[in-house]
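The values are calculated or read from the model by the stated rules, or taken from the named source; none is laboratory data. Keep in mind it's a predicted model, so treat the numbers as computed, not measured. Heads up, the Cβs are rebuilt from the backbone with ideal geometry, glycines too, and the neighbour counts pull from every protein chain shown.
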Amino acid sequence: MRWVGVTCDRRKNFDPQHAAQIIKEKKMRANWQVVPRGDILPQQAGLHITLNPKGRIALSRFTYQKMGEPAAFIILYDTANNRIGLKPSRAVFKNSYPALVANRHGSKRIYASRLLSEHRIDLPHTVRFYDADIDDQGILILDLRTAKPCPRAAGIKKSRKMTLKNQALSGAPKPVAPNEA
């Protein structure tokens, strides 16, 4: 067993006072280095984009600003590489999807359910695109092959499943929707 330059025999009791005395005798030097804080705020460290099973694409405010704050997007799909492209456009174009306000913090939402239905994209839960990138033409590229489950949404779905499972095991009646009653 090794502890800060002090070897210990596992069969004997460890004496912290003896270890501290050995450390003082060796006079270990501290080699401190300053870690710069940087000019980049945490929310600006990367692009944050998610896609849920209903086809709603959510963009963070920083991502939206980096795209040039367009009024709408043209949604592109690359079938060979299984990638989604968001091209900034004006709202007056025929195939443009408006960028709607998602919350008071400036994030935007694009309703793209047609993308999922036409291209038969089946998502079990919300996914996040950690490797999203803006190419030289200004198209935001979202790769479905490398998208990972969004930890926040996966946790919510898991807790709901566990609640329903516990209700089934306890014999409690299942909640009935108002239109089924």
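Only residues that are modelled with pLDDT under 90 and more than 13 Å from ALA132 (Cα to Cα) were counted in region 35-60, giving 10.
Restricting attention to region 102-137, which residues are loosely packed, with under 15 Cβ neighbours inside 10 Å, modelled with pLDDT under 90 and touching a strand residue (DSSP E or B) at 6+ places or on another chain (Cβ under 7 Å)? Scanning region 102-137 gives a single hit, HIS125.
Considering region 46-122, the qualifying strands (runs of 3 or more DSSP E), each wholly inside and each with 2 or more residues that are more than 15 Å from ILE139 (Cα to Cα), run over 49-51, 56-59, 108-111.
Tell me, please, whether a residue that is β-branched (Val, Ile, Thr) and modelled with pLDDT of 90 or more can be found in region 1-22. Scanning region 1-22, I find no residue that is β-branched (Val, Ile, Thr) and modelled with pLDDT of 90 or more, so the answer is no. A Cβ distance below 7 Å, combined with a sequence gap of six or more or placement on separate chains, defines the contacts here; from region 97-113, residues that are touching a residue at least 40 places away in the same chain (Cβ under 8 Å) reach residues that are polar (S, T, N, Q) and surrounded by 13 or more Cβ atoms within 10 Å (Cβ to Cβ) in the pairs SER107/SER60.
Against the criterion of being under 23 Å from ARG61 (Cβ atoms) and touching a Cys at 6+ places or on another chain (Cβ under 8 Å), VAL101 does not qualify. If you go through region 123-141 and keep only what is over 17 Å from GLN65 (Cα atoms) and not in a loop (DSSP other than H, G, I, E, B), you end up with VAL127, ARG128. Looking only at region 65-76, residues that are surrounded by 18 or more Cβ atoms within 10 Å (Cβ to Cβ) and over 22 Å from HIS119 (Cα atoms) come to 2 in all.
Condition (residue is out of contact with any Gly (no Cβ under 7 Å at 6 or more places or on another chain), under 18 Å from ASP78 (Cα atoms) and at pLDDT 60 or above) applied to region 157-175: is it met by at least one residue? No, because not a single residue in region 157-175 is out of contact with any Gly (no Cβ under 7 Å at 6 or more places or on another chain), under 18 Å from ASP78 (Cα atoms) and at pLDDT 60 or above. Determine whether GLY85 is modelled with pLDDT of 90 or more, over 19 Å from the mean Cα position of the chain (by Cα) and under 15 Å from LEU47 (Cα atoms). Answer is no for this residue. Going through (1) farther than 13 Å from ILE110 by Cβ; (2) surrounded by 11 or more Cβ atoms within 10 Å (Cβ to Cβ) one by one, THR79 falls short only on (2).
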